[in-house]
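Take a look at the structure below.
The values are calculated or read from the model by the stated rules, or taken from the named source; none is laboratory data. A quick note: this is a predicted structure, and the numbers were derived from the prediction, not measured. Methodologically, a virtual Cβ is constructed for each residue, glycine included, from the backbone with ideal geometry; neighbour enumeration extends over all protein chains shown. Side chains included, ligands, DNA and RNA excluded: accessible areas come from the protein's heavy atoms. Shrake-Rupley method; radii C 1.70, N 1.55, O 1.52, S 1.80 Å.
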Amino acid sequence: MIERLHSVQLLHGYLPRQELQQLAISMARPLSEVMGVASFYHLFRLDPPPPHRCVVCRGTACFVRGAERLEAALRQRGVAFETTSCMGACGQAPVLVVDGALAMGQPEALPWA
Ligand code: FES
């Protein structure tokens, strides 16, 4: 089941409910079982991904240099983001990664500001 969920997510970027229903039917399993597996693992998305993937570092250096201010600016702009621990770029703290590229971490320098 997990491999099939991976295939669906690779195709759509997330797991649309209709696809999960089809998967349950094709595997002769209850939808609740498919949903249970899909929701158990963090790597599966049940909602469409945001247009940009933003990751804010919450490591010590980034915290000291304003990661919270950066998170507040993202929230204020309605930008969805994830957090992580040190990304190994402490010299550029606070660190923000947008779509896999290191962005300047000061709120006023956000790419969509
Ligand atoms: S603490 Fe953020 S990159 Fe190291």
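Return the total of residues in the stretch 34-49 being more than 14 Å from the chain's Cα centre (by Cα) and free of Cβ contacts under 8 Å to residues at least 24 places away in the same chain.
The number of residues fulfilling the criteria is 4.
For residues that are closer than 16 Å to V98 by Cα and touching a strand residue (DSSP E or B) at 6+ places or on another chain (Cβ under 9 Å), scanning just the stretch 44-61, find the one that is farthest from the ligand (Cβ to nearest atom). So that I can check it myself, show each step before the final result.
Just the residues of the stretch 44-61 that are closer than 16 Å to V98 by Cα, to begin with: 49-58.
Next cut, touching a strand residue (DSSP E or B) at 6+ places or on another chain (Cβ under 9 Å) only: 52-58.
Details: H52: 19, R53: 17, C54: 14, V55: 10, V56: 9, C57: 3, R58: 7 Å.
Among them, the one singled out is H52.
Here are the criteria: (1) over 14 Å from the mean Cα position of the chain (by Cα); (2) not in a helix (DSSP H, G or I). Tell me which single one L11 does not satisfy.
The one condition L11 does not meet is (2).
Check every one of the strands (runs of 3 or more DSSP E) wholly within the stretch 36-113 and list those with 3 or more residues that are under 30 Å from L15 (Cβ atoms), open to solvent by less than 60 Å² (accessible area, probe 1.4 Å) and at pLDDT 90 or above. Working first, answer last.
On the way: elements: 54-57, 82-84, 96-98, 101-103.
Filter on the stretch 36-113 gives 54-57.
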